[in-house]
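Following: one structure in structure tokens, then a few remarks.
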Amino acid sequence: MTQYDKPLPHPNEETRGFWEGCNRGELLMQRCTDCCTFRFFPRPMCHVCNSMNAEWVKVSGKGKVFSWVVVRQGSPSFAGDVPYVVASVQLAEQDDLRMFGNIEGCAPEDIELDMPVEVFFDEVTEEVSLPKWKPA
């Protein structure tokens, strides 16, 4: 494995379950055990019912492009990747459940609103796998 020179996540108590799932190739989301609302980014309180009760649930990893930007000028760490796409992906499980990530496997000009995508995991180091998206 080559050296990875880009920023890496620093899991904390609230995000550890998400990153552990990614490292196993699973997309996990926090779900309130009281009202069953999914939430991302992970946080201690449900934004719907204010419950402090949650569980980690494996989701399908399927979604659609909600919005995106094409980055054409990156910071030094990302300069070799331009142009690249950062998208807001609406996950299939809940209309307001969205997460950001890179879309790979297609040209930036081929991305469309509501384009179906699915997650894959890029093992960037032996300890870290990052969720990314590809056309479904």
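Out of curiosity, is residue 51 hydroxyl-bearing (Ser, Thr, Tyr), out of contact with any Lys or Arg (no Cβ under 7 Å at 6 or more places or on another chain), farther than 22 Å from residue 6 by Cβ and part of a loop (DSSP other than H, G, I, E, B)?
Numbers: hydroxyl-bearing (Ser, Thr, Tyr): yes; out of contact with any Lys or Arg (no Cβ under 7 Å at 6 or more places or on another chain): yes; farther than 22 Å from residue 6 by Cβ: yes; part of a loop (DSSP other than H, G, I, E, B): yes.
Considered against the rule, which asks whether it is hydroxyl-bearing (Ser, Thr, Tyr), out of contact with any Lys or Arg (no Cβ under 7 Å at 6 or more places or on another chain), farther than 22 Å from residue 6 by Cβ and part of a loop (DSSP other than H, G, I, E, B), residue 51 comes out as yes.
Pairs please, first residue from segment 78-90 and under 21 Å from residue 60 (Cβ atoms), second anywhere and assigned to a strand (DSSP E or B) and among the small types (Gly, Ala, Ser), Cβ atoms under 8 Å, 6+ apart in sequence or on different chains.
Pairs that qualify, where the first residue is under 21 Å from residue 60 (Cβ atoms) and the partner is assigned to a strand (DSSP E or B) and among the small types (Gly, Ala, Ser), are 87/67; 87/101; 88/67; 89/63; 89/101; 90/63.
Got a sec? Which of 58, 64 is touching a residue at least 12 places away in the same chain (Cβ under 8 Å), among the basic types (Lys, Arg) and touching a helix residue (DSSP H, G or I) at 6+ places or on another chain (Cβ under 9 Å)?
Values: 64 fails: touching a helix residue (DSSP H, G or I) at 6+ places or on another chain (Cβ under 9 Å).
Step by step, each of 58, 64 is checked, and only 58 is touching a residue at least 12 places away in the same chain (Cβ under 8 Å), among the basic types (Lys, Arg) and touching a helix residue (DSSP H, G or I) at 6+ places or on another chain (Cβ under 9 Å).
Tell me, which residue of segment 26-61 that is out of contact with any Leu (no Cβ under 9 Å at 6 or more places or on another chain) and among the charged types (D, E, K, R) is surrounded by the most Cβ atoms within 10 Å (Cβ to Cβ)?
31
Could you please find all residues in segment 79-98 being hydrophobic (A, V, I, L, M, F, W, C), under 14 Å from residue 114 (Cα atoms) and assigned to a strand (DSSP E or B)?
Of everything in segment 79-98, those that are hydrophobic (A, V, I, L, M, F, W, C), under 14 Å from residue 114 (Cα atoms) and assigned to a strand (DSSP E or B) turn out to be 87, 89, 91.
Since every read-out is calculated from the coordinates, none of them should be taken as a lab result. All values derive from a computational prediction rather than experimental measurement. Glycine gets a Cβ as well: all are built from the backbone with ideal geometry, and neighbour counts include every protein chain shown.
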